[in-house]
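Contents: one structure, followed by commentary.
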Amino acid sequence: MKSFNLSKKLQILFLIFTGIIFNVACKVDTPIQYLEKNYVEPVNITSRVKRDGSVTVSMATETEGAVIYFTTDGNIPDVNSFEYKAPVNFSEAVTISAIAVKDGLENSAVSSAVISISEKLTNVDSLPYDYEIDLNDILIKQQSAINYLWKNGVITENYNEYIYNLDLTSDLESLYGRLPEKDEKLHVVWEGTSDKSISELKLQLVDANTKTAEWGKARTDFTVLSDIEADKEFLLDYTFSFSSDPIEKVVLKFLYKKEVLDSKVMYKVAGLRSEFNKSFTLAPSGDVIVNPHKGFVMYAWSPDYLENKNWASALASGKNPAWDYCSVVYTGCPWKYVQKDWNEFDWANIDKMLELCGNSGRTLGWRIYPTNSSQGEAGDDTPDFIYKSGCGRVQATIKGTDTKIRVPDWSDPIYIEACKSFADEMARRFDGDKRVEFIDIRCFGNWGEWHCSQLDGSEMPSVEIQKEMIAYYASVFKTTQLVVPSDCRGEVYEYALSLGVAKRDDGLIQIKGREDELKKCYDAGLPTVGENCDEYEKILKLTDSDKWHQKWTLERWKNVINVAHMTYYELDRGGNCGQKFLEDNLSYVCEMNNKLGYNFEVTSASLNYDDDLNILLSVTIKNTGLAPAFFDFNLIADITDFNGKRKFVIGEPKRIKKGTFADGEEKTFVFSDLSTDILKPICTGDCICLGLYEDAESEKPNIRFDNKNTLSNNKLLLLAD
């Protein structure tokens, strides 16, 4: 007699092993010309139903070395479909289509099979794991053998040895679908009581296969219990190690010596457990991974740069391939276009850009500047109301010309007040908006770049005023990343870093050593933002004439990215919106894309036990990028269907704080709360998936792993070795 009580500790084994053979209709569509060409042999699809009614599907082809691909959505499979590596479990009806592929041969014909799910053969809770075997009266009813020890022709009663063999074969095959193999282990917990004392009890796993003359051959070591007292509970908790492979049967052999044989003796064997350690197949994707809050940046000065369908280079037009490598859009406009008076603002252009970026899965960064010498005397972009309020002004001369341009007195208190007021409104409106990637502080100098090198007659404000402005911005922006421009240097730069304000450098490639200066931002634990000194087609003409004019080379470009540990880098700002740069340098863009910022690759994952025999899911992730992730995110493990649709979450999300997962670092995360309710779906053929989420409440991760077997919804499907 057997009674069953399902334990949480080993239910996961049913995903892999339980089941009986179940026939399905398998149809192969073989074209007439199949016989006229060298085709891969078609895929044979077989399945078996498990005790809970779910089905395990296996696929095979007779063509050695062929790879099988399959679909479950009704589409014809190709090499981009799921690759078959191991039997697949289904808990719902499904139609499977499969092909086999091998280099040098034509693909096989499409095989298809309709998998029907029968009603459960038994309740999941009654699957035989932690089970009890009632051996009441076993020594009498089963006629256990009595081994007499003879000595000089006389039976020595003191060494009477009773033997009972308990065949575990069917139970092991039901649990695991196979018998244990060499070097595997089997854990047996045996709780018992005896009406009479037992002086010695031995247990051993043996093979009882009479067909191969292996009956009784030992397959493991043995363990001994001594002096079992009458009417006292005893416990055996032992792990047997298999020294060789069983052939056909596994038998638990009891050998014991006993003073009195009593018909009321009862033993219970419980908790037969396999020592479990299952790993998963993992490999780098080899793909270009575009992820949020890092990567290549494209410039767009108006919504038309994004959506104009008649403009072939417009980023989101569907015609510009550079868009596919872009994670951030950067824009800018004169201050006077945004603010008309102290309390009058026009954010329409920024709002439209944010909408377009958000709809396309990108984020937006911007600069709003007070002066632009490139526009000549019309380049004073400071709002008129500031001057009308009494702010001082300077008639500066644009360097190398006779052109005059009006610029504000950068130190005037009214100007300082206006800058702070503008910061207040911008923070009120946009701080914490997830569509905003970063905002430049562009208060002083030409293009707001904190220099007046092209403005003869204009001078930057004091160091104290510059620091005061940075501190004010940092006080009103609580969440959104702020950056200071290239010419914020020295003491002011160090002060900005101390307040968590990052740095962008727009003089890279051309000016020697700028990447070393930018690296200080990375060393301070902040993202670095880089752009080249000019448009791609112009920097191609640079020569190594002096430290201010360095020749463009791809090696220098890559070196700048590596030295500065770049998180964001301009792809190109030219009129063709990156198309020319991409056309000339595609392989380099692909090479450096995943290096920019963070890049998370799962290097190992396994299911195993802790010391208390609780099942753990252990996941090791490496940041193979050049910088940490400068935002909070969550690692979540799911029980899903084969398409990654969530059914249950395993344990609690692993919260990873911004800046704490450094480049080159490897971290291991353990999910230990594998409760019975969560593990039940595994018994019905579901899967384990991993995902990286900014929002732990979302069902779809927004961060993609750099791994093969990552699904279209960004979840990484763990496939068994």
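Assorted remarks:
- Sites SER672 and TYR337, calculated FRET efficiency, Cβ-Cβ separation with R0 41 Å, nearest 0.05: 0.15
- The stretch 460-537 and the stretch 346-423: distance between their alpha carbon centers, rounded to Å: 19 Å
- Net length gained if the chain between GLU248 and PHE385 were fully extended (0.36 nm per residue, minus Cα distance): 40.0 nm
- In the stretch 532-575, the chymotrypsin sites (Phe, Trp or Tyr not before Pro) that fall in loop regions by DSSP, at most 12 other Cβ within 10 Å: TRP548
- Normalised contact order of the stretch 520-676, rounded percent, pairs of Cα under 8 Å and 6 or more residues apart: 19 percent
- Candidates per trypsin sites (Lys or Arg not before Pro) in the stretch 298-385, loop by DSSP, up to 16 other Cβ within 10 Å: LYS309, LYS319
- Compared with the direct C-alpha span, the chain from ASN713 to GLU229 gains 168.2 nm at full extension, assuming 0.36 nm per residue.
- Within the shell of other residues whose beta carbon sits under 10 angstrom from the beta carbon of GLU531, the net charge comes to -3, with Lys and Arg scored +1 and Asp and Glu -1.
- Within the stretch 446-550, the trypsin sites (Lys or Arg not before Pro) that combine a DSSP coil assignment with at most 12 other C-beta atoms in a 10 angstrom radius are LYS478, LYS541, LYS547.
- Relative contact order, percent, the stretch 299-376 [alpha-carbon distance under 8 Å, six or more residues apart]: 31 percent
- Extension reserve of the GLU537-LYS434 stretch, reckoned as 0.36 nm per residue once the Cα distance is removed: 33.7 nm
Read-outs throughout are calculated quantities, based only on the coordinates presented, and are distinct from any laboratory measurement. Computed from a predicted structure; not experimentally measured. Glycine gets a Cβ as well: all are built from the backbone with ideal geometry, and neighbour counts include every protein chain shown.
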